[in-house]
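Notes follow once the structure below has been shown.
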Amino acid sequence: AVQHPLWPEVDRVVKQQVTMAKMGIGECGTGWQLFAEDGEMKMYRREEEVDGMVVDPLKAVHVVKGITGHEVCNYFFNPKYRYDWETTLEHMTVLETISDDTMVFLQTHKRIWPASQRDVVFWSHMRKLPNGQDRDGPDMWTVVNNSTESSEHPANAGKCVRIYLTVCLLCQTRVHPPKDGTPISRDNVSCKITYCSVVNPGGWAPASVLRAVYKREYPKFLKRFTAYVVNQTKNQPILF
Ligand SMILES: O=S(=O)(CCO)c1ccc(-c2ccc(C3CCCC3)c([C@@H]3C[C@@H]3c3ccccn3)c2)cc1
């Protein structure tokens, strides 16, 4: 089949992001600080500035009972659910459907005073990853979102400041088979979620304001999103 022009970039960025997401926080270089912890959820960030703008890389690890990596990635990737869990989202448009696992989005996010309103254009790709090491282990699933250009929606043409982001959601399903050989239920599955993101705010915004926003919004986002998936799937057959 004829390749879409974005395909080589999608494949390269997905492989690069998954490799980094698999690395433990200790292997990701120095300077990571634990900035939020809530039960199984641990959030780390590294303070980094580019041209005086805060671009703090974020890495969160969470383990959620009762859901699988395939289910988590479906609810993160599929646009029809996004308004249900993405609280800072003001508007979302699907600019292009490249394939059933690759789409291009335009999103405007709610203005965060005193910064001006932001928008973002990104491709989003969902993929099942071969479970290299242990053959019979459950697969891993990922969604990678990466900023891209859109000739119909040039950066900073309207009221919004264009932000640039790379996000990787990497999910590993864990199955704990019941001792008595009864069929597997949601009590026997859990999902290890690694969420990595780098958001360049695009234009100046006070570092103190951005860091306060990140500190407040990221834990809220991951808790709300995972609770949403648990609630959506609880009475449904398990999707491995
Ligand atoms: O994982 S995703 O791909 C899910 C698809 O929606 C994604 C996540 C986050 C963003 C995002 C966009 C703008 C902003 C800010 C930057 C300056 C002013 C607005 C923020 C700030 C960090 C806060 C934030 C953190 C987490 C969730 C939502 N809000 C985040 C966009 C996409």
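The values are calculated or read from the model by the stated rules, or taken from the named source; none is laboratory data. Since the model is a prediction, treat every value here as computed from it, not as a measurement. Because the Cβ atoms are built from the backbone with ideal geometry, glycine has one as well, and the counts that use them run over all protein chains shown. Only protein heavy atoms, including side chains, enter the accessible area calculation; ligands, DNA and RNA are left aside. Shrake-Rupley method; radii C 1.70, N 1.55, O 1.52, S 1.80 Å.
Of all residues assigned to segment 121-129, at least one qualifies as being among the polar types (S, T, N, Q) and near the ligand (Cβ under 10 Å from one of its atoms).
If you go through segment 121-134, how many residues are part of a strand (DSSP E or B), of a type outside the set (A, V, I, L, M, F, W, C) and more than 16 Å from N145 (Cβ to Cβ)? Don't jump to the end; show me each part of the working.
Here is the first cut: in segment 121-134, the ones part of a strand (DSSP E or B) are 121-129.
This time we only want the ones that are of a type outside the set (A, V, I, L, M, F, W, C), so: 124-125, 127-128.
Retained after the next criterion (residues that are more than 16 Å from N145 (Cβ to Cβ)): 128.
The total comes to 1.
Residues in segment 181-206 that are β-branched (V, I, T) and in contact (Cβ under 8 Å) with a residue 24 or more places away in the chain were compared, and the one that is nearest to V161 (Cα to Cα) is V199.
Inside segment 177-235, residues that are in contact with a helix residue (DSSP H, G or I) (Cβ under 8 Å, 6 or more places away or on another chain) and assigned to a loop (DSSP other than H, G, I, E, B) make up a count of 4. For C160, the conditions (1) over 29 Å from G39 (Cβ atoms); (2) modelled with pLDDT of 95 or more; (3) surrounded by fewer than 19 Cβ atoms within 10 Å (Cβ to Cβ) all hold with the exception of (3).
Could you check segment 146-155 and list, in sequence order, the residues that are assigned to a loop (DSSP other than H, G, I, E, B) and within 16 Å of the ligand (Cβ to nearest atom)? Within segment 146-155, T148, S150, H153, A155 qualify. Scanning segment 156-172 for residues being within 14 Å of the ligand (Cβ to nearest atom) and either among the acidic types (D, E) or without any contact (Cβ under 8 Å) to a residue 12 or more places away in the chain (or both) gives a total of 0. Considered as a group, the residues in segment 87-120 that are outside any strand (DSSP E or B) and either closer than 24 Å to I238 by Cα or touching a Pro at 6+ places or on another chain (Cβ under 6 Å) (or both) include one that is nearest to the ligand (Cβ to nearest atom), and that residue is D101. Here segment 1-43 is the region considered, the condition is being among the acidic types (D, E) and assigned to a helix (DSSP H, G or I), and the residue that is most open to solvent (accessible area, probe 1.4 Å) is E9.
Name the single residue, out of those in segment 173-204 being open to solvent by less than 70 Å² (accessible area, probe 1.4 Å) and among the β-branched types (V, I, T), that is nearest to the ligand (Cβ to nearest atom).
Kept after step one, since they are open to solvent by less than 70 Å² (accessible area, probe 1.4 Å), are these residues of segment 173-204: 173, 175, 178, 181-182, 185-186, 188-203.
This time we only want the ones that are among the β-branched types (V, I, T), so: 173, 175, 182, 189, 193-194, 198-199.
Working: T173: 20, V175: 27, T182: 37, V189: 24, I193: 12, T194: 13, V198: 10, V199: 5 Å.
Among those that are open to solvent by less than 70 Å² (accessible area, probe 1.4 Å) and among the β-branched types (V, I, T), it is V199.
Taken over segment 71-116, the criterion of being touching a His at 6+ places or on another chain (Cβ under 7 Å) and either at pLDDT below 95 or of a type in the set (K, R) (or both) is satisfied by T88 alone.
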